[in-house]
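Enquirer: One structure, pasted below without further comment.
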Amino acid sequence: MSKELKIYTASLDIEIFFKGNSQREALTYGAKNAKKLGFEVTNISAREDYDNSSQLIIEMTLEGSKSAKGTGSIIDSILLDCKKLKLEVTRINCYEE
């Protein structure tokens, strides 16, 4: 017997490195990259990269809903997509709605 698809909410924190020092441009760049994942940006900030003063670190929290048979496939998909987009995942939560 196969499992039915259920709706899950996924929430994740990611980081992106942005070459340059304009916070406005960095935030726009971060939002465009987040859109590629299909999630809504619920929090975004840019801060100085202390290891490399020529770039900023963009930190974002994203949230959205996905249909799947379980949380594992959603998490695997998110991690794969983030790897392709060169986004560093620092946290993922996934739970049934």
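Enquirer: Taking region 49-65, which residues are of a type in the set (Ser, Thr, Tyr) and either in contact with a helix residue (DSSP H, G or I) (Cβ under 7 Å, 6 or more places away or on another chain) or in a strand (DSSP E or B) (or both)? Full working, then the answer.
Expert: Keep residues of region 49-65 that are of a type in the set (Ser, Thr, Tyr), which gives 50, 53-54, 61, 65.
Within region 49-65, Thr61, Ser65 qualify.
Enquirer: Something else: Would you be able to tell me the number of residues in region 66-97 that are free of Cβ contacts under 8 Å to residues at least 60 places away in the same chain, under 28 Å from Arg24 (Cα atoms) and in a strand (DSSP E or B)?
Expert: The total comes to 0.
Enquirer: I would also like to ask the following. Can you name the condition, by its number, that Ile16 falls short on among (1) in contact with a helix residue (DSSP H, G or I) (Cβ under 6 Å, 6 or more places away or on another chain); (2) loosely packed, with under 15 Cβ neighbours inside 10 Å?
Expert: With respect to (1) in contact with a helix residue (DSSP H, G or I) (Cβ under 6 Å, 6 or more places away or on another chain); (2) loosely packed, with under 15 Cβ neighbours inside 10 Å, Ile16 is out only on (2).
Enquirer: What number of residues within region 1-42 are part of a strand (DSSP E or B), among the hydrophobic types (A, V, I, L, M, F, W, C) and out of contact with any Cys (no Cβ under 9 Å at 6 or more places or on another chain)? Outline the logic, then answer.
Expert: Start the filter on region 1-42 by keeping residues that are part of a strand (DSSP E or B), which leaves 6-19, 40-42.
Next cut, among the hydrophobic types (A, V, I, L, M, F, W, C) only: 7, 10, 12, 14, 16-18, 41.
From what is left, the residues that are out of contact with any Cys (no Cβ under 9 Å at 6 or more places or on another chain) are 7, 16-18, 41.
The qualifying residues number 5.
Only the coordinates and a few stated rules stand behind these numbers; no lab work does. These figures come from a predicted structure and were not determined experimentally. No Cβ is skipped: glycine too gets one built from the backbone with ideal geometry, and neighbour counts run over all protein chains shown.
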